[in-house]
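Rule-based calculations on the coordinates, nothing more; no lab input. Here the structure is a predicted model, which is why all the values come from computation and not from measurement. Methodologically, a virtual Cβ is constructed for each residue, glycine included, from the backbone with ideal geometry; neighbour enumeration extends over all protein chains shown.
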Amino acid sequence: MLSESSSFLKGVMLGSIFCALITMLGHIRIGYGNRMYHHEHHHLQAPNKEDILKISEDERMELSKSFRVYCIILVKPKDVSLWAAVKETWTKHCDKAEFFSSENVKVFESLNMETNDMWLMMRKAYKYAFDKYRDQYNWFFLARPSTFAIIENLKYFLLKKDPSQPFYLGHTIKSGDLEYVSVEGGIVLSIESMKRLNSLLGVPEKCPEQGGMIWKISEDKQLAVCLKYAGVFAENAEDSEGKDVFNTKSVGLFIKEAMTNHPNLVVEGCCSDMAVTFNGLTPNQMHVMMYGVYRLRAFGHSFNDALAFLPPNGSDND
């Protein structure tokens, strides 16, 4: 009996050591490689509004035309109601928006990625976008159908960012040694980052299709792993007050939290005035957001922004 107990304890200890080793190897695979880059995470802020006022009228007009954002929305058949809401609301403000689905869906036009794996869908969507549009768009925004985005605020945030530099922006999260941009709040890549990512998609040692690990990790973490090998690192996007502009929760949830934590400053304590995204919305909430952002105006309050981003030719945005 004693011998059996001893064998059992040895088995437990060996199993624990094995699991610990596998976990360590997994972290090493994500965090480091033969050619990794050292990088201190930092926060990127929107431009100062006073600086925009110093730009000449001609320069403003040129800027309003030069910022071109291509929107990628990853969808599955179960998302059909959200899909419809996104198509009818904020994506009209992208310079071009396309839906990438896991399978062929007759109800809406989409590009069939022929896989249910979100990482494979993301890889294929990025490759398609780069191969087809690398000479037409300088910024690429990827989102889920539960996300609402204010594209004009995204363009304003990117105003002083050079797309020929490797930008990878959004709401950053730290997981062990890996910092990544959460897909829940949307992911922004510059054309330079797209170029570097595309060069690694065919290199399984650095950007594997299945992650190369025993435990599957999410698609946004997989993306960060690939980009890290290319010297592209996650940056948290904030306004001038340090508030996040890419949000992984809905406005309603933020207000609820503000009412509990800052009851005297609900509006001020809720969210950034220049928010780019909110996530976790229902189709009905998408339309409410659309009304609040683009339709509702308080009489007597004038919002004279120094710069206007013109809609793309042929757009039916409102």
Write down Rg/Rh for the stretch 107-180, rounded to two decimals, with Rg from the C-alpha atoms and Rh from the Kirkwood relation over Cα pairs.
0.98
Top positive-direction residue, dipole computed over the stretch 43-294 with Cβ charges, set 288, 66, 194:
194
When the dipole is taken about the Cα centre of the stretch 194-278, and only Lys, Arg (+1) and Asp, Glu (-1) are charged at their Cβ, what size is it in debye, to the nearest 20?
420
For the stretch 74-154, whose charge dipole is built from +1 on Lys and Arg Cβ atoms and -1 on Asp and Glu Cβ atoms, the candidate among 142, 105, 120 with its Cα farthest towards the positive end is 120
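Output the Kirkwood hydrodynamic radius of the stretch 43-294, Cα pairs only, in Å rounded to one decimal.
Numbers: mean 1/r = 0.0532 Å⁻¹.
Kirkwood hydrodynamic radius for the stretch 43-294: 18.8 Å.
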